[in-house]
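The structure under discussion appears below in the form of C-alpha cells.
Any read-out appearing in this document is the output of simple, stated calculations on the displayed coordinates, not a laboratory observation. If you're wondering where the values come from, they're calculated on a predicted model, not measured in any experiment. Note that each Cβ is placed from the backbone with ideal geometry, even for glycine, and that neighbours are counted across all protein chains shown.
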C-alpha cells in the first residue's frame with residue numbers, strides 16, 4: 001500500500017512537469033497537437049483555480065472593502081485637519097500683525113509722554 005501514494009505523487013509530478021514543458025513549448029511559438037493543447041488548457045485552468053483560492057484567502061473582499069472605507073475616512077479627516085491648520089495659520093498672522101501694530105503704538109505713546 002505505501003507504494004500507491006508514491007506512484008500517484010510521481011504521476012502528479014510528471015503531469016505537472018509535462019504541463020510546464022507544454023507551456024514552455026507553446027510560449028516559444030512551437031505548435032502543439034490538439035491533445036497537447038487540451039492538456040495545457042486543463043493545466044492553465046487548474047493553475048487559475050489554485051491562484052484564485054490563494055487570493056481569496058489572502059484578501060477577502062470584505063476586508064478589502066473595509067480597508068478602502070478606512071482609507072477614505074482617513075483622507076477626509078486629513079482634509080479637515082489641513083483646513084483647520086490653514087485657518088489657524090491665517091489667524092496667527094493676523095494676531096502677529098495686530099501685536100506689531102500695538103507695540104508700535106505703545107512705543108509712540110511712550111515717546112510722546114517722555115517728550
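Calculate the spin-label point distance for residue 35 paired with residue 105, positioning each point 7 Å from the Cα along the beta-carbon direction, and give it in nanometres.
Simple spin-label model gives 10.2 nm for this pair.
Give me the angle, in degrees from 0 to 90, between the Cα long axis of helix 34-58 and the longest principal axis of the Cα atoms of the chain, rounded to the nearest 10.
40
Return the inverse of the average 1/r over all pairs of distinct C-alpha atoms in the chain, which is the Kirkwood hydrodynamic radius, in Å to one decimal.
For the chain, inverting the mean 1/r across all distinct Cα pairs yields 22.2 Å.
Using a simple spin-label model with points 7 Å from Cα along the Cα→Cβ vector, what separation in nm is obtained for residue 112 and residue 67?
The modelled label-to-label distance comes out at 6.9 nm.
Run lengths n ≥ 4 of DSSP H only: what is the helix-derived mean residue ellipticity at 222 nm for the chain, with -39500 (n - 2.57) per run over all residues, to the nearest 500?
About -33000 deg cm²/dmol.
Considering the chain as a Gaussian network with a 10 Å cut-off on Cα pairs, which listed residue, 103, 83, 68, attains the greatest mean-square fluctuation?
Its mean-square fluctuation being the largest, the pick is 103.
Ordered by packing density, taken as the mean number of other Cβ atoms within 10 Å over each peptide's residues, highest first, how do 72-78, 15-21 rank?
Answer by packing, highest mean first, reads 15-21, 72-78.
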